[in-house]
Structures are given as C-alpha cells and as structure tokens.
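Here is the structure we will look at, set down as structure tokens.
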Amino acid sequence: MFKLVTLEDAIRIPPERFGEEISTVGYEQLKLKYDGMVDEELGYVIAVTNIDVNPFGKIIPGDGATFHKVKFALLTFYPKIQEVIEGEVVEIAEFGAFIRIGPVDALLHVSQLMDDYISYDERQGVLMGKESKRKLTTGDRVRVRITAVSLGRSGGSGKIGVTARQPFLGKLEWIAKDVEKLEGGSEEEPAAAKPEGES
C-alpha cells in the first residue's frame with residue numbers, strides 16, 4: 001500500500017551552501033538521507049516531498065554549519081500481509097517468478113502459482129502447468145496476495161512472498177477466463193431449472 005507519511009527532522013546546511021535557496025538544499029539533504037531507505041516502520045521510501053524548512057537555524061560550537069528544523073512528507077510503499085495487489089512478472093526461474101509490485105520485487109514460489117504440477121522451460125523462460133497448460137512468462141500481469149513480509153534491519157532490501165493459489169488470483173487472463181466460466185454457468189442454471197419447476 002502506498003502512503004504519504006509526514007515527518008519532522010533536522011538538516012545540516014554546510015557553510016559552502018549558505019546563500020543558496022534553503023528549500024533546494026533541504027530537499028537534497030533529505031533525499032540523501034531517505035531516498036531508497038527500507039525501514040520496518042515506514043516500508044520502502046520512494047520519494048521526499050512537501051518540504052518546509054525553518055529559515056532560522058542553530059549553530060553548534062565547533063561546526064560552521066547551520067541546523068534547521070524541517071517538516072516533510074515521504075511517499076512510501078508498505079506491503080501488508082493479506083493485501084491483494086497486481087504486478088508484472090519481471091523474471092522467471094526454476095523455483096518461481098519475481099513479481100514487480102510497487103518499487104520492489106516479490107517472490108511467487110512455484111508451489112504458490114497454481115494447483116497443478118509445474119514444469120520450467122529454461123530456453124523459453126516459462127513456467128507451465130502440466131494439466132491446465134497455463135503458462136507464466138516475463139511481462140505477464142498477475143494478481144497476487146501478500147503472504148510474507150520481512151523488511152529486515154537497516155541496510156537490507158527486505159523480502160516479500162506472494163501467492164496466486166486462491167480464487168481470482170494469478171495471471172489476469174486466467175482470472176478473466178475463470179470469471180467467464182462462472183458467468184456462463186450461472187446463465188445456464190436457470191434455464192435448466194425451469195423445466196424441473198414445471199413438472
């Protein structure tokens with residue numbers, strides 16, 4: 001889930017940057033600190049925005065820089081367990097597929113792809129169900145449910161696990177076909193039930 005989180009912090013403006021636009025310097029300082037951060041509370045930090053730097057700073061003895069309070073917002077992506085999300089297959093491997101969800105790749109393990117025996121074709125980069133003949137390849141759009149989230153300690157990239165082994169999950173084309181089958185079946189049932197009601 002994407003969120004805008006409002007925070008407060010202090011930034012250091014070095015003497016060589018004095019005279020420059022304070023909001024520009026503040027943005028650069030915050031970008032260096034927060035961009036690309038993975039945090040257990042914030043999730044994946046995508047961008048720094050809505051910066052408001054206090055023009056009055058403090059000087060600390062022994063440091064020629066000024067320190068300013070700043071209010072700002074972070075655009076973050078925080079994956080939640082049980083959340084249903086759509087993404088694109090970016091890589092196929094023997095053990096599963098990597099799905100790009102937001103700014104990160106999640107692992108869809110072969111055991112979580114479908115209720116079928118799955119074979120891997122390395123030459124074509126395809127995972128295929130033996131009975132269903134359903135294929136998954138790079139570039140396919142899929143709908144998955146998040147089953148595991150480990151954002152890790154500071155410095156780690158985190159890990160996300162997903163599943164497609166539930167109704168209306170999987171490759172979007174498969175879901176469309178399943179919905180068609182259901183709608184087709186519901187139209188036939190009343191027609192079949194009518195003669196029974198007349199007898």
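The values are calculated or read from the model by the stated rules, or taken from the named source; none is laboratory data. Not measured: the values here are computed from a predicted model. Heads up, the Cβs are rebuilt from the backbone with ideal geometry, glycines too, and the neighbour counts pull from every protein chain shown.
With the requirement that a residue be surrounded by fewer than 17 Cβ atoms within 10 Å (Cβ to Cβ) and of a type in the set (A, V, I, L, M, F, W, C), what does the stretch 1-59 give you? Residues satisfying the conditions are Met1, Phe2, Leu4, Val5, Leu7, Ala10, Phe18, Leu32, Met37, Ala47, Phe56, Ile59. As a summary of the residue check, Arg153 satisfies the conditions (1) under 29 Å from Lys3 (Cα atoms); (2) surrounded by fewer than 16 Cβ atoms within 10 Å (Cβ to Cβ); (3) modelled with pLDDT of 90 or more; (4) among the charged types (D, E, K, R) except for the one numbered (3).
Ser150 meets each of the listed conditions (1) free of Cβ contacts under 8 Å to residues at least 24 places away in the same chain; (2) in contact with a helix residue (DSSP H, G or I) (Cβ under 8 Å, 6 or more places away or on another chain); (3) under 30 Å from Asp9 (Cβ atoms) apart from (2). For the stretch 95-119: of the residues being hydrophobic (A, V, I, L, M, F, W, C) and within 16 Å of Glu83 (Cβ to Cβ), which is nearest to the chain's Cα centre (by Cα)? Filtering the stretch 95-119 for residues that are hydrophobic (A, V, I, L, M, F, W, C) and within 16 Å of Glu83 (Cβ to Cβ), the one nearest to the chain's Cα centre (by Cα) comes out as Ile101. Going residue by residue through the stretch 122-145, is there one that turns out to be in contact (Cβ under 8 Å) with a residue 60 or more places away in the chain and either surrounded by 14 or more Cβ atoms within 10 Å (Cβ to Cβ) or in contact with a Lys or Arg (Cβ under 9 Å, 6 or more places away or on another chain) (or both)? Yes, that holds for at least one residue.
Look at the stretch 84-107: where a residue is surrounded by 14 or more Cβ atoms within 10 Å (Cβ to Cβ) and a partner is outside any strand (DSSP E or B), sitting 6+ places away or on another chain with Cβ atoms under 6 Å, you get Val89/Thr138; Val89/Asp140; Ile92/Gly125; Ile92/Thr138; Gly96/Val110.
Taking residues in the stretch 13-36 that are under 16 Å from Pro55 (Cβ atoms) and in contact (Cβ under 8 Å) with a residue 24 or more places away in the chain, and partners anywhere that are among the aliphatic types (A, V, I, L, M) and assigned to a helix (DSSP H, G or I), the pairs with Cβ atoms closer than 6 Å and at least 6 places apart or on different chains are Ile13/Val25.
There is no residue in the stretch 60-72 that is surrounded by 14 or more Cβ atoms within 10 Å (Cβ to Cβ), touching a His at 6+ places or on another chain (Cβ under 7 Å) and free of Cβ contacts under 8 Å to residues at least 60 places away in the same chain. Within the stretch 102-116, which residues are assigned to a loop (DSSP other than H, G, I, E, B) and of a type outside the set (A, V, I, L, M)? Once the filter is applied, which keeps residues that are assigned to a loop (DSSP other than H, G, I, E, B) and of a type outside the set (A, V, I, L, M), the stretch 102-116 yields Gly102, Pro103, Asp115, Asp116.
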